[in-house]
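Contents: one structure, followed by commentary.
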Amino acid sequence: MGMDFSTLRTLISRYCVGEENWVDSRTVYISHKEPPPGTEAFIQQRFPDNRIVSSKYTFWNFIPKNMFEQFRRVANFYFLVIFLVQLIIDTPTSPITSGLPLFFVITVTAIKQGYEDWLRHKADNAVNKCPVHVVQDGKVTCKQSRKLRVGDVVFVTEDETFPCDLILLSSSRDDGTCFVTTASLDGESSHKTYYAVQDTKAYKTEEEVSSIHATIECEQPQSDLYKFVGRINIYMNNEPVARPLGSENLLLRGATLKNTEYIYAVAIYTGMETKMALNYQSKSQKRSAVEKSMNDYLVVYLCILISKAIINTALKYVWQADPNRDEPWHNERTEAERQRHILIRAFTDFLAFMVLFNYIIPVSMYVTVEMQKFLGSYFILWDDEMFDEELGERAVVNTSDLNEELGQVEYVFTDKTGTLTENNMEFIECCVDGHVYVPHAICNGQVMPGSDTIDMIDTSPGPDARDREELFFRAVCLCHTVQVKEEETVDGIKHGIHQGKSSSFYISSSPDEVALVEGMNRLGFTYLRQKDSHMEILNRDDKVERFEVLEVLSFDSVRRRMSVIVRCSTGEVYLFCKGADSSIFPRVISGKVDQVKARVEHNAVEGLRTLCVAYRCLSPEQYQEVCHLLSRAKLALQDRDRQLAEAYDLIEKDLILLGATAVEDRLQEKAADTIESLHKAGMKVWVLTGDKMETASATCYASKLFRRNTQILELTTKRTEEQSLHDVLFDLSRTVLRHYGGMTRETSSGLSDDYTDFGLIIDGATLTAVMRPGQEGSNSGNYKELFLDICRNCSAVLCCRMAPLQKAQIVKMIKTSKEHPITLAIGDGANDVSMIQEAHVGIGIMGKEGRQAVRNSDYAIPKFKHLKKMLLVHGHYYYIRVSELVQYFFYKNVVFIFPQFLYQFFCGFSQQPLYDTAYLTLYNISFTSLPILLYSLIEQHINADILKKDPSLYKDIAKNSLLKWSSFIYWTALGIYDAIVMFFGAYFLFDNTTFTSNGQMFGNWTFGTLVFTVLVFTVTFKLALDTHYWTWINHFVIWGSLLFFVVFSLLWGGIIWPFLNYQRMYYVFMQMLSSGPAWLSIILLITTCLLPDVVKKVICRALWPTTTERIQTKRRCLASEPSTIFMLSQTSSRMSF
Amino acid sequence: MVRIKKESPDRPDNTAFTQQRLPAWQPILSAGIVIPGFVLIGLAFIGVGVGLFITSRDIQVLEIDYTGTDQTSDCNKCTNPNTKNCVCTLSFNIDTLFKGPVFFYYGLTNYFQNHRRYGVSRDYKQLYGDLANFKDPSTDCAPYRLDSRNNPIVPCGSVANSLFNDTFKLYQIVNGQRNVVPFDGKGIAWWTDYNVKFKNPDVTPLQNAFNGTVKPLFWTKAVYELDFSDPSNNGFINQDFLVWMRRAALPNFRKLYRRIAEENYTNGLPAGNYSLEISYNYPVLSFNGRKKVVFSNVSWMGGKNDFLGIAYLVIGSLCVVMSVVMLIVYAKFKFPEDD
């Protein structure tokens, strides 16, 4: 009875809460077998089936859902409101003017999205219906993938893709491992090893597998691909055995089985709960600075629009106060209108004015900007200079929203390893108790035949030392996670070593480890393989030594070390530990610490990556205790990571230091050049690394981040131990500020090249102290500000000993400092992901440490050197292009609508449109859309080579300079000036006179058409004046769109269009063109409109030239003659094809 | 350039377009181009401006207000809205020959033909001769769509309803004798309005098409009675009607009434005394409007318009002035291209 109640209670608590997520773990019954009675209540939880739904819509909800989603966008919603207003009330323009473009945009988008969704449906169907082999009642049966349920045991053969997230039970390989490639998940094409549960790996046939009686408890699905904790309870003889499950047991949906004949595995997450499906969710959107300015401008224009409408409405009623004006005998209202309440009439008038002027909000701008960004990003993809021959990769654009942000970067945060350096490790030396060993005669990583492999710099060691030396070599050979792959089983060729007859390769997620194991190989100890939990080593005497691997305490970036516990053939148990010096030395109790420390520091200054190796002999009792600690931590379902860390901390202590290794990581090609260019471009470069200070600063010197004359400021634990943080900070800021004060005088005397700049080095621990929120009230809160102050005056900052999250914190701190600078983070590894996501622009490097950074970045490039072109050329271009696009759009819509506003003063505020409906509709859609779109795609104000050669040009566009309020006001003022010229020009021409030699008069539509013609030409010519790069496409589009306007006008007025209920434009355009003064006034007005802009340009260029303009002019003078000839020859050669 | 290296499948296309290296003309608005350009444009504009100004100065215009607000005016008697069929006479004299062809306009001020409510109030189909719209005029025409007894109005709408209905007769007084100056009313409207846009219904006699309809409320005669003498100037294609139906752009406007280019007046109006007989029907005082008649001749550039010439002169001189200013700036601040 009691059990029943508890079952009931659990049931109630589970179902009443409703949300499955409330239960933080789930229980899976393998093959849906009930657990033996007494152990636990059997509660069949409800899980979703294995249907993947990537499609957004169904046949039924497509129209409403799609409409809803489209109208959530501001632009569409704005148009919809205008359209509805036009439908409901009597407005000056027909609903078609906004309805048609809206309908067009909505339909095209809906068709596109519908088609894409149909494709997704098809893909989903293909996936959901593909056959899956399931073990049922001891037999393998075939099922559709979508019918797969949690708890089913699945049979997967080689090269098949896993249908859902599975726990590996057993594989065809004896050791219960299987190889998997996750290329489709995270892009890593290397093979990863997964392990079967130890107790089930022997079950290798379907009968055996179906006899497994076990339950799996695991956490509810979460999206992190690399995290999983669970526990399996196996009931053997009704005696439950609990085993831990980790991510090494979890096969993810989407990964493919490789090099393994078959596996049996049990489904634990299905359908939309698989990690792959959970990762579909898009990341948070980043917005660029340009987009923010755009929205600010939009608000201004909205205010202008509303105030225009209010002014006109108010004036209308003032003007109409005289009834003879309101309703002269020839223009009466209908009875219904007369009876309407004045407030309703006024409101209707207000709305009508809003509709009349609504074009001032450039709705088409959003569409154009989106197209520009999408199409423009192809130039990054297409760039041949950003293609890397070696990797065979080109740049990747994950989001095109941030193109122009690349031109605005002020702070660059870069990772060191793999980003500045190649992450191509080479073993340089090792040091055992102060004796240095250098493998010599290295040629492409292969040992030269006949060499005696060791060259000792130091005095030769005695026999006792020889033991220590061999222990060290064994330690390095054992303490790692390197895998050995035979050549024919590996797709990606990595590192080759010769081992007997067949070639094998070392593969590891850490290149350091591979370098170390290879280095040991050259020193005489060769790691052969791991077989049946035994590691095999070939020692100097060509004998195989076998060690049983008892535990692996894997590496993590917080602990910064890893350990293995092995039992050697003699039965002794050793713990070998390898890690960063800072994490090893405090745990060492004996060994020649001083000598090793000295060598480590020496190597670090050389820029080498050093690791220390230590060991500990474990007595059987100690080993028992270790086992106990570890198994308890591993079985925990909650907080397992923390418990493991605690256990590791207890185990890795009382070490005996053996020695240290040094591995070189060469700088990436042109890294120094790139950093120098970024500096010249006014960017501040920060290196954020987990490496230690000496190594990192050596790299910084090598990469010219610090130069010889850079004054280094240190803010490290070492200093803060001597002085209080407070004093150090104030000291530093005084140094910096004193110099800064002095420098302004120097720069004025023109010695700016000579000044010494500052470089700051800070380490993770100090940074934490600086960032810690104030405890002593006001005083410590200032540390952050003070620190930022110091940073601002340093051209380069090196942050070492950083944890991944700290990297993101730094980026965030700079991002939110009071200048709100634009930040860029670049990195290659998983530890850079957090900062890549935090920064305004995140760039991933296609490095050796997998694809995580690339997947989470906004842009990815093959090498660090490509950053130069990415920022200096592409970023610069995109910024120039987009800012002109934005300003021009606002400008052209002011010019468009302002005459219409002025016309209201001359038509009794009656909302009479100045232009014909067709012109209103097509102005933004076709007459003026293509030239600016093309400009925003291919404009080059300066050649790309010069941009690259002269990085200081980048400063010209810093701080969003082309979208400052002053330039926005200039553009708007220019727009209003042009509008006034156009309107009053036409007004005075029409003032009581005839235009033609036959004495006939023109009407209001001719008036509007005249203004409109001037408008289209002026606006297009204005863009032509701004174009610095006239390719044949520019000529084609600019002259083509003007021609299109003329042809359209001729056609529109040339025919009685049967579908129109008015023919007001009939022959208006032709009549206008038949009159001489119309031509003359069109020319006059266009010239008058463009005149001030040209004068302003010339005078500004002469009086206050920007660097860009100076270079433009200089280039022109120097290279005008030859370049013309060159261009001509190019064109002629092109023609001859 | 042939690439010998092994091509990677992922390698981007190496074309001028994808690499942003299309051959291009890269002009810069530097002083070297702009200053001579401005001088040239300025001089050209001044030339055109002088030409326009002289042409415009030679055009003769004679404008006479006949609203009748002035007590001394003969038309003052007609300003009383109760006076029916009022005729008044204006006398004036011309000193020198008014060169022909002379165009005779009537002008209205403060008259908002460009008012939206006024402008939409018409039925294009009806005016195109569509009989369906005779019976059921477009709702746009309201409140001039149906009369009080719900008969459809043809032509409907406020524009048609408010057709200008003053008529003029011009006499030259030679030795006390009144000689009629012949008016030519052909071709005063747009050719396309007359031939394409407006059409009478295809019914003979025309009058039958209008059975069951009423004439606009303001009108004294129906649209088919506008010109009995000439069927090609009757109904919707009456030239005066067409001229009126083309709405003016601004509240002060002129519309062409007649041309004077026949018989003795082919060369224009000789010097002498003239008398204009006006049948004064059109009320404008209620909205403070004015009525006037204008005699004008035209040149190739149309009617008298000093603005265009002056504007050309001003902009032309501005161009020249600006080029001088830029030259001073150039000389004083030495453009970078100089070093």
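All of the numbers you see were taken from the coordinates with simple rules; none came from a lab. A quick note: this is a predicted structure, and the numbers were derived from the prediction, not measured. FYI the Cβ positions are ideal-geometry reconstructions off the backbone, even for glycines, and counts take in every protein chain you see.
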Descending Cα extents along the principal axes, the range A:148-279, whole Å:
43, 30, 23
Of the listed pairs A:LYS192/A:LYS634; A:LYS201/A:LYS543; B:LYS169/B:LYS255, which have alpha-carbon separations greater than 27 Å here?
A:LYS201/A:LYS543
What percent do you get for the relative contact order of the range B:92-172 when only Cα pairs under 8 Å and 6+ apart count?
25 percent
Quick one: grab Rg to one decimal and Dmax as a whole number for the range A:579-674, Cα atoms only, in Å.
17.9, 58
Principal-axis tilt of helix B:31-58 within chain B, Cα atoms, nearest 10 degrees:
20 degrees
Per 10 Å bin, what is the whole-percent P(r) computed from every C-alpha pair distance within the range A:220-339?
9, 18, 14, 10, 9, 9, 9, 9, 8, 3, 1
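With r as the distance between the Cβ atoms of A:LEU737 and A:GLN622 and R0 = 51 Å, compute the FRET efficiency 1/(1 + (r/R0)^6) and round to 0.05.
Approximately 0.35, to the nearest 0.05.
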With an 8 Å cut-off on Cα pairs and a minimum separation of 6 or more residues, tell me the relative contact order of chain A in percent.
11 percent
With a cut-off of 8 Å between alpha carbons and a minimum separation of six or more residues, what is the relative contact order of chain B in percent?
35 percent
Taking a 29 Å limit on the Cα-Cα distance, which of the listed pairs A:LYS112/A:LYS865; A:LYS718/A:LYS865; A:LYS653/A:LYS784; A:LYS892/B:LYS304; B:LYS84/B:LYS291 fall beyond it?
A:LYS112/A:LYS865; A:LYS718/A:LYS865; A:LYS653/A:LYS784; A:LYS892/B:LYS304
At A:THR481 and A:ASP727, where each label point lies 7 Å from the Cα along Cα→Cβ, what is the point-to-point distance in nanometres?
4.4 nm
Cα radius of gyration and Dmax for the range B:232-310 (Å)
15.7, 43
Would you mind ranking A:ASP556, A:ASP415, A:ASP49, A:ASP916 by Cβ crowding within 10 Å, fewest neighbours first?
A:ASP556, A:ASP49, A:ASP916, A:ASP415
What residues of the range B:26-68 lie in the reach of a label at B:ASP95, counting those whose backbone N is under 16 Å from a point 7 Å from the Cα along Cα→Cβ?
B:58-63
Estimate the FRET efficiency between A:TYR970 and A:THR768 by the formula 1/(1 + (r/R0)^6), using the beta-carbon distance for r and 30 Å for R0, to the nearest 0.05.
0.05
Straight-line reach from A:LYS147: which lysines have a Cα under 22 Å away, not including same-chain ones fewer than 8 places off?
A:LYS33, A:LYS56, A:LYS122, A:LYS129, A:LYS139, A:LYS275
I want to check the label-to-label distance for A:GLU327 and B:VAL324. Put each point 7 Å from Cα in the C-beta direction and report it in nm to one decimal.
6.0 nm
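So what is the diffusion coefficient of the range B:1-81 in µm² per second by Stokes-Einstein at 25 °C and 0.890 mPa s, using a Kirkwood Rh over Cα pairs?
In µm²/s, the coefficient rounds to 115.
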Enumerate by residue number the trypsin sites (Lys or Arg not before Pro) in the range A:697-730 meeting two conditions: DSSP loop (anything except H, G, I, E, B), and at most 13 other Cβ atoms within 10 Å of the site's Cβ.
A:ARG708
Trypsin sites (Lys or Arg not before Pro) in the range A:529-624 lying in a DSSP loop, each with at most 12 other Cβ atoms within 10 Å of its Cβ, come to A:LYS543
Testing the spin-label approximation: label points 7 Å from Cα along Cα→Cβ at A:VAL318 and A:LYS129. State their distance in nm.
7.2 nm
Using R₀ = 30 Å, calculate the FRET efficiency as 1/(1 + (r/R₀)^6) where r is the Cβ-Cβ separation of A:ARG708 and A:GLU470; round to 0.05.
0.10
Pairwise over distinct Cα atoms, reciprocal of the mean inverse distance: report the Kirkwood radius of chain B in Å, one decimal place.
25.0 Å
Cross-link candidates for A:LYS868: which aspartates and glutamates have Cα within less than 12 Å, leaving aside residues fewer than 8 places away along the same chain?
A:GLU385, A:ASP673, A:GLU676, A:ASP945, A:ASP950
How fast does the protein assembly as shown diffuse by Stokes-Einstein, in µm²/s, taking the Kirkwood radius from C-alpha pairs at 37 °C and 0.692 mPa s?
83 µm²/s
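With a 10 Å Cβ neighbour count serving as the proxy for reagent exposure, in which order, fewest first, do B:TRP300, A:TRP1005 appear? Don't jump to the answer; show the numbers that get you there.
Working: B:TRP300 10, A:TRP1005 26.
Lowest to highest Cβ neighbour count: B:TRP300, A:TRP1005.
So what is the 222 nm mean residue ellipticity for chain A from helices alone, if each DSSP H run of at least 4 adds -39500 (n - 2.57) and you divide by all residues, rounding to the nearest 500 deg cm²/dmol?
On the way: 38 runs with 519 residues, N = 1137.
After summing the helix terms and dividing by the residues of chain A, the value is -14500 deg cm²/dmol.
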